[in-house]
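As structure tokens, the structure follows; a few thoughts come after it.
The values are calculated or read from the model by the stated rules, or taken from the named source; none is laboratory data. Just so you know, these numbers come straight off a predicted model, no measurement behind them. Ideal geometry is used to build each Cβ from the backbone, glycine not excepted, and the neighbour counts take in all protein chains shown. Accessible surface areas use protein heavy atoms only, side chains included; no ligands, DNA or RNA. Shrake-Rupley method; radii C 1.70, N 1.55, O 1.52, S 1.80 Å.
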Amino acid sequence: MSVVNKALVRRLYEEAFGQGKPEVLDEVVDPNYVCWDPNAEGGAVRGLETLKGEIAYFHQGFPEDFFWRVEEQVAEGDKVTTRYTMGGTHQGEFFGVPATGKRGEISGINIDRVEGGKVVEEWASYDLLGGMRQLGAIPEPGQQEEATAAEGEQQEEKGLMDKAREKLTGQ
């Protein structure tokens, strides 16, 4: 059964998401599906139709070359654990970030539960922070400190100029 479940979950990621085929979800995902995702509004993605919207969302953000590649899978009982990489060239809004034209990749590990030949539940864990850094939406470690130090130097110089002007103008 684990071979069958792994193939089912692979279709979810590589075919439905990776190839942008939401109709595949009807074959592999239960209508009452729930994905526990810490980055989703309310902490979960619920229902087959909502999941179809997620596919459209990813392909809108990365319209030309989006991919979802399964790197490794392990299955036991009714659960399949999948390590994956997804990404592409950022050409549309994604998690509130306007298109940057930069390539980005996000790696993750998800656990899916299969019941009655369909995925019914998922626990998602992925490196959204790393992806946002690649797109330039969040500074790399150290960049923020450099920017803050530069701002501080500018404020200090401004302070000296203000003091000099005060002495010259008597104000």
- Name the single residue, out of those in region 64-78 being open to solvent by less than 70 Å² (accessible area, probe 1.4 Å) and assigned to a loop (DSSP other than H, G, I, E, B), that is farthest from residue 3 (Cα to Cα). 65
- Message: Can you tell me which residue is nearest to residue 14 (Cα to Cα) among those in region 53-63 that are open to solvent by 20 Å² or more (accessible area, probe 1.4 Å) and among the small types (Gly, Ala, Ser)?
- Response: 56
- Task: Quick one: which residue in 34, 9 is of a type in the set (Val, Ile, Thr), under 18 Å from the mean Cα position of the chain (by Cα) and within 18 Å of residue 110 (Cα to Cα)?
- Result: 34
- Only one of 148, 85 is surrounded by fewer than 18 Cβ atoms within 10 Å (Cβ to Cβ), of a type in the set (Ser, Thr, Tyr) and modelled with pLDDT under 95, namely 148
- Query: Given the conditions (1) surrounded by 15 or more Cβ atoms within 10 Å (Cβ to Cβ); (2) assigned to a loop (DSSP other than H, G, I, E, B); (3) in contact with a Gly (Cβ under 8 Å, 6 or more places away or on another chain), which single one is not true for residue 20?
  - Reply: (3)
- Query: Residues in region 104-142 that are within 24 Å of residue 80 (Cα to Cα), in contact with an Asp or Glu (Cβ under 8 Å, 6 or more places away or on another chain) and of a type in the set (S, T, N, Q): how many?
  - Reply: 2
- Residues of region 89-109 being in contact with a helix residue (DSSP H, G or I) (Cβ under 8 Å, 6 or more places away or on another chain), open to solvent by less than 70 Å² (accessible area, probe 1.4 Å) and in a strand (DSSP E or B), which ones? 94, 97, 104, 106, 107
- residue 121 vs. criteria modelled with pLDDT of 95 or more and open to solvent by 60 Å² or more (accessible area, probe 1.4 Å): no
- Mind checking which residues of region 1-23 are more than 21 Å from residue 74 (Cα to Cα), touching a Phe, Trp or Tyr at 6+ places or on another chain (Cβ under 9 Å) and touching a residue at least 12 places away in the same chain (Cβ under 8 Å)? 20
- Determine whether region 136-147 contains at least one residue that is in contact (Cβ under 8 Å) with a residue 12 or more places away in the chain, out of contact with any strand residue (DSSP E or B) (no Cβ under 9 Å at 6 or more places or on another chain) and not aromatic (Phe, Trp, Tyr). no
- Note on the structure: Exception for residue 128 within (1) touching a residue at least 40 places away in the same chain (Cβ under 8 Å); (2) surrounded by 14 or more Cβ atoms within 10 Å (Cβ to Cβ); (3) under 23 Å from residue 6 (Cβ atoms) falls at (3)
- Task: Identify all residues within region 36-52 that are under 24 Å from residue 130 (Cβ atoms), open to solvent by less than 60 Å² (accessible area, probe 1.4 Å) and of a type outside the set (A, V, I, L, M); write none if there are none.
- Result: 37, 43
